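Step one of this worksheet: look at the structure below.
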Amino acid sequence: MERSLLARGACAALGAAAVAAGCGATRTVTTTVRSAPTPGADRETILFGHIASLRRSGARFELRFDPAWLLTGTAAERAAVEDGTLAPGDPVPNDVYTVEEGHRLLRFDVRPDASATLLDKRLRPVLVTVAELAAILSGTDAVHRPLFDPSRRSGFWIRVGANYPNPVVSLDQQYHP
């Protein structure tokens with residue numbers, strides 16, 4: 001019992017000494033606290049689908065986009081069987097199946113400086129400007145590059161920026177045999 005009283009007294013004395021030592025000087029401490037992000041905030045969205053149109057609209061471009069699901073593996077196999085395009089047990093050609101759920105065209109703003117990548121005949125990436133991509137897709141391209149699929153059939157991945165007004169920041173053609 002005596003030891004416990006002595007221990008308490010020693011702790012009280014040490015605590016008082018610590019408080020007294022801290023009173024002589026002022027020190028500012030800055031602590032950064034990050035809260036959990038709001039779901040969906042500061043995240044880019046990546047979508048696969050087909051470009052219906054890409055046109056200049058003032059200082060920006062407007063994209064009309066038909067989203068789709070590009071599936072592989074068992075998800076592709078099951079979807080193809082459910083759609084009746086594949087018999088159960090048959091392999092999915094090239095292990096890729098595109099699911100087209102409706103054809104609602106979504107409208108996106110596209111930054112004029114967005115990156116755009118197409119594939120050439122040898123399936124090498126070709127960087128083009130958004131203006132060039134719009135001309136190629138509309139058939140008014142004067143350069144006439146030897147492209148893998150200058151149509152919209154093969155599909156594109158678009159990356160939509162995280163910050164409002166959420167413009168498209170990149171468009172990349174997907175190889176699809």
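Where a number appears in this text, it was derived from the coordinates with a stated rule and is not lab data. No experiment lies behind these values; they were computed from the predicted model shown. Positions of Cβ are generated from backbone atoms using ideal geometry, with glycine treated the same way; all protein chains shown enter the neighbour counts.
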Filtered chymotrypsin sites (Phe, Trp or Tyr not before Pro), region 112-177: DSSP coil and at most 15 other beta carbons within 10 Å: Tyr175
Sorted by Cβ neighbour density within 10 Å, fewest at the top, the residues Asp172, Asp113: Asp113, Asp172
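Using DSSP to call loops (not H, G, I, E or B), can you name the trypsin sites (Lys or Arg not before Pro) in region 98-172 whose Cβ has at most 11 other Cβ atoms within 10 angstrom?
Arg104, Lys121, Arg122, Arg153
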Radius 15 Å from Cβ of Asp109, net charge of other residues (Lys, Arg +1; Asp, Glu -1): +4
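Taking the inverse of the average 1/r across all pairs of different Cα atoms in region 67-126, what Kirkwood radius in Å do you get? Walk me through the numbers on the way to the answer.
On the way: mean 1/r = 0.0704 Å⁻¹.
About 14.2 Å, per the Kirkwood formula over Cα pairs.
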Whole-number percent relative contact order across region 45-173, with pairs defined as alpha carbons under 8 Å at least 6 apart: 29
